[in-house]
Amino acid sequence: QVQLVESGGGLVQAGGSLRLSCAPSEIIIFSIRHMGWYRRAPGKQRELVAAITNGGITNYADSVKGRFTISRDNAENTLYLQMKNLKPDDTAVYYCNADLTGRSRGIMIAGDFWGQGTQVTVSS
């Protein structure tokens, strides 16, 4: 099964920081077009938090501009989300997404893939 594996979530007080990471598991990557972080808060729909193209162009939700920074290590095919000045409204499950082409267990794969999610909880 093709997987993107997230890590770095946890419980933090308001004003604190966390850094999320996402990397492909059991995938030989040929190319990644764009990657992004999404989140789903309790009772709400999943929303885009931040995205980055393979050329490094970034896009952020208005609610996180100036506080979150998305970056990627193209050599390691790893995606990061540095979150600062966290607020209780940032509490959600955060998901990694990647539009990629590669090979997993001998099978060619292409398209949009998601991680299982990592919980971020910000206490007031």
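The values are calculated or read from the model by the stated rules, or taken from the named source; none is laboratory data. What you are looking at is a predicted structure, and each value in this text was computed from that prediction instead of being measured. Neighbour counts run over all protein chains shown; Cβ positions are idealised from the backbone, glycine included. The protein model used for the area step is the full one, side chains on, heavy atoms only, and it has no ligands, DNA or RNA in it. Shrake-Rupley method; radii C 1.70, N 1.55, O 1.52, S 1.80 Å.
Taking amide H atoms as placed 1.01 Å from N in the peptide plane, the amide H of Thr78 lies under 5 Å from those of Asp73, each 5 or more residues away in sequence or on another chain.
The mean accessible area for residues of the chain, using a 1.4 Å probe and ignoring ligands and nucleic acids, is 53 Å² per residue.
Think of segment 28-116 as a dipole: +1 on every Lys or Arg Cβ, -1 on every Asp or Glu Cβ, centred on the Cα centre; then among Thr69, Pro88, Ser104, Pro88 lies furthest on the positive end. Bin width 10 Å, alpha-carbon pairs only: give the P(r) of segment 8-48 as whole percents, running from 0 to the bin holding the largest distance. Calculated P(r), rounded to whole percents: 18, 40, 32, 10. Backbone phi angles across segment 79-86, fed through the Karplus curve with coefficients 6.51, -1.76 and 1.60 (θ = phi - 60°), yield HN-Hα couplings of 10, 10, 9, 8, 10, 10, 6, 5 Hz in residue order; Gly and Pro are listed as x.
Would you mind telling me the share, in percent, of accessible area of the chain contributed by carbon and sulfur at probe 1.4 angstrom?
Working: 3090 of 6570 Å².
The value for the chain is 47 percent carbon and sulfur by accessible area.
How big is D for segment 31-124, in µm² s⁻¹ as a whole number, if Stokes-Einstein is applied with the Kirkwood radius of its Cα pairs at 10 °C and 1.306 mPa s?
Numbers: Rh = 14.1 Å.
In µm²/s, the coefficient is 113.
Treating each Cα of segment 84-124 as one equal point scatterer and applying the Debye formula with no solvent, the log10 of I(q)/I(0) at q = 0.19, 0.21, 0.22, 0.27 Å⁻¹ comes out as -0.66, -0.71, -0.74, -0.91.
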